Amino acid sequence: YVAAVYEHESILSPAPAALVERRSALELMGRNLDIYEQQVLAAARQGAQIIVFPEDGIHGFNFTRSSIYPYLDFVPHSHSGKWNPCREPYLFNDTEVVQRLSCMALKNKIFLVANLGTKQPCERWDPRCPPDGRYQFNTNVALAADGALLATYRKHNLYFEYAFDTPPEPDYAFFDTPFAGRFGMFTCFDILFFEPAVNLIRQYNLKQIVYPTAWMNQLPLLSAVEFQQAFATAFNVNILAANIHHPTLGMTGSGIYTPVKSFIYHNMESYGGKLIVAEIPVITADYKTNLEKTPGRVSEKGKEQPPPSFYAEMMYDNFTFVPVWGEKGELQVCANTLCCYLNYHRDVLTDELYALGVFDGLHTVHGTYYVQACALVKCGGLSFSTCGQEVTDATALIDFQLWGNMSTPYIFPLLLTSGITLDFADHMGWKNNHYFLSKNRTSSGLLTAALYGRWYEKD
């Protein structure tokens, strides 16, 4: 099927904390929706059957709970598909934004997924009802090619979004299409948690995901395109991921991903939005990774001293590292119950320092979640203290096998190369209770090769 995602540079309110009238909120959102309208038309002309827009793309961000209120639409939360906002605008008040989205879908005969802020009055007797008498949700809507509202999803894992409430129960949101079957839907930070993302995919055996996000890139392990690809690979799904474009805030990185191929956009240099349109296969059956080639442990023990281990901070976590020296070798580094192993070989020695790092513990900065990671990374400079820094360019081409005795089945294989481009492993999967990733010669200089494990039970 042909899919489109749009990385949008939103027109932002100059003073998001200021209180404004609904009319001026609609005026600002209308300017973003005008851009959406052009992009839906462009995508439809290229044959796209579905288009996905980013999180916060219509209203922006940095609001307070009260200042965002005029920007919120009322959208009934039900999976009925009975309401067509474009054809029945009179059913509910304050639905101007969802009406416009519905009409874009209808006019261009395209499925459309967008993110907006919504409100829902609540009763005083509801113990969770906020003091102002309403819920405010970060919401995705999915609209059919005839404009009907198919599904809504209220973001569950909020990322410092004080303007919004967490829904009382996780939403499991999905919708059906004639061209690719059933799509699941979640938002941004949700991708790192079991609820609802993993549970949704497993419960409904989903193979296509739409994913609006407003993601701030964090290297070496959590840049947008790197993790989006890893998620598609780990769960064997297609992901249509639309990110916001604000390079000054480190926000870029969208794509259309299959488990074995991707069409991505990552651009920290220029401004303006970007439409990606690509044809991808519908995933039906489970795709099995090739587990025939297993890590060969070539053992020539007793020759030399193992290199020294050291500690350095990476992604705000205290990793234990060993340096990757020389043109080939075998390394091991452990922390808690996790041991990581690396066999590597490179023909050309460059003046770049690489290190193999391990972390097995609770990550506590900007969210709390348990991580088990084995990571081969390029360091920022030549001293140990630079390992774990954000690096975007590299020249070393390395053949490697990386494996670890992970305690969780949820492993996200990361493979990032120079210039924030993606590469794909030759082989990966489980063997003797170890997860492995191997690659003969990366397509360009290696930035990160990692097994990023999420041990959800220990959150």
Next item on the list: Working only within region 334-359, note down all residues that are without any contact (Cβ under 8 Å) to a residue 40 or more places away in the chain and farther than 25 Å from Asp393 by Cα.
Entry: Cys334, Ala335, Asn336
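Considering each residue of region 65-122, count those that are polar (S, T, N, Q) and farther than 24 Å from Thr213 by Cβ, and give that number. Before the answer, list the steps.
Just the residues of region 65-122 that are polar (S, T, N, Q), to begin with: 66-67, 78, 80, 84, 93, 95, 99, 102, 108, 115, 118, 120.
Narrowing further to those that are farther than 24 Å from Thr213 by Cβ: 66, 78, 80, 84, 93, 95, 99.
Result for region 65-122: 7.
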Margin query: Pairs please, first residue from region 160-180 and in the same structural domain as Asp146 (by the TED database) and within 18 Å of Cys122 (Cβ to Cβ), second anywhere and crowded, with 21+ Cβ neighbours inside 10 Å and among the hydroxyl-bearing types (Ser, Thr, Tyr), Cβ atoms under 6 Å, 6+ apart in sequence or on different chains.
Written below: Asp165/Tyr135; Asp171/Tyr153
Note to self: Filter region 1-47 down to the residues that are within 18 Å of Ala145 (Cα to Cα), in contact with a strand residue (DSSP E or B) (Cβ under 7 Å, 6 or more places away or on another chain), surrounded by fewer than 24 Cβ atoms within 10 Å (Cβ to Cβ) and among the aliphatic types (A, V, I, L, M) and list them by number.
What the structure shows: Val2, Ala42
Checklist line | Residue within region 91-109 that is open to solvent by less than 10 Å² (accessible area, probe 1.4 Å), under 20 Å from the mean Cα position of the chain (by Cα) and within 20 Å of Ala25 (Cβ to Cβ) present | finding: no
Note to self: Being open to solvent by less than 10 Å² (accessible area, probe 1.4 Å), touching a strand residue (DSSP E or B) at 6+ places or on another chain (Cβ under 8 Å), in a strand (DSSP E or B) and of a type in the set (Phe, Trp, Tyr): is that true of Phe412 here?
What the structure shows: yes
Margin query: Among the residues of region 336-382, what is the count of those that are part of a loop (DSSP other than H, G, I, E, B) and not aliphatic (A, V, I, L, M)?
Written below: 14
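Just one of Ala145, Ala151 is of a type in the set (A, V, I, L, M, F, W, C), part of a loop (DSSP other than H, G, I, E, B), closer than 29 Å to Ala42 by Cα and assigned by the TED database to the domain that holds Ile201; which is it? If you could, list the steps in order and put the result at the bottom.
Working: Ala151 fails: part of a loop (DSSP other than H, G, I, E, B).
The match here is Ala145.
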Next item on the list: Those residues that are outside any strand (DSSP E or B), within 26 Å of Thr386 (Cα to Cα) and at pLDDT 95 or above, I need them from region 426-450; list them, please.
Entry: Ser444, Gly445
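In the list Gly419, Gly453, Gly388, which residue meets the criterion of being part of a strand (DSSP E or B) and in the same structural domain as Asn343 (by the TED database)?
Numbers: Gly419 fails: part of a strand (DSSP E or B); Gly388 fails: part of a strand (DSSP E or B).
Every option except Gly453 fails the conditions.
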Note to self: Yes or no: region 323-342 includes at least one residue that is within 23 Å of the chain's Cα centre (by Cα), surrounded by 18 or more Cβ atoms within 10 Å (Cβ to Cβ) and either acidic (Asp, Glu) or within 22 Å of Met428 (Cβ to Cβ) (or both).
What the structure shows: no
Margin query: Can you tell me how many residues within region 306-322 are under 29 Å from the mean Cα position of the chain (by Cα), surrounded by 16 or more Cβ atoms within 10 Å (Cβ to Cβ) and of a type in the set (Ser, Thr, Tyr)?
Written below: 1
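Just give me the residues in region 415-459 being polar (S, T, N, Q) and open to solvent by less than 40 Å² (accessible area, probe 1.4 Å), in sequence order.
First pass over region 415-459, keeping only residues polar (S, T, N, Q): 417-418, 421, 432-433, 438, 440, 442-444, 448.
Scanning region 415-459 gives Thr417, Ser418, Ser438, Thr442, Ser444, Thr448.
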Next item on the list: Note down all Cβ pairs under 8 Å where the first residue falls in region 438-455 and is farther than 15 Å from Ile411 by Cβ, the second is among the basic types (Lys, Arg) and at pLDDT 95 or above, and they're at least six residues apart or on different chains.
Entry: Gly445/Lys378; Leu446/Lys378; Leu447/Lys378
Check: Residues that are open to solvent by 20 Å² or more (accessible area, probe 1.4 Å): which strands (runs of 3 or more DSSP E) entirely in region 169-273 hold 3 or more of them?
Finding: 261-265
Notebook entry, point to check: Of all residues in region 123-143, how many are touching a Lys or Arg at 6+ places or on another chain (Cβ under 6 Å) and open to solvent by 10 Å² or more (accessible area, probe 1.4 Å)?
Noted result: 1
Next item on the list: Go through (1) over 16 Å from Phe53 (Cα atoms); (2) part of a strand (DSSP E or B) and name the single condition Leu112 misses.
Entry: (1)
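The values are calculated or read from the model by the stated rules, or taken from the named source; none is laboratory data. Keep in mind the model is a prediction, meaning the values are calculated, not measured. Quick reminder, even Gly has a Cβ in these numbers, built from the backbone with ideal geometry, and neighbours come from all protein chains shown. These area figures cover heavy atoms from the full protein model, side chains too; ligands, DNA and RNA do not enter into them. Shrake-Rupley method; radii C 1.70, N 1.55, O 1.52, S 1.80 Å.
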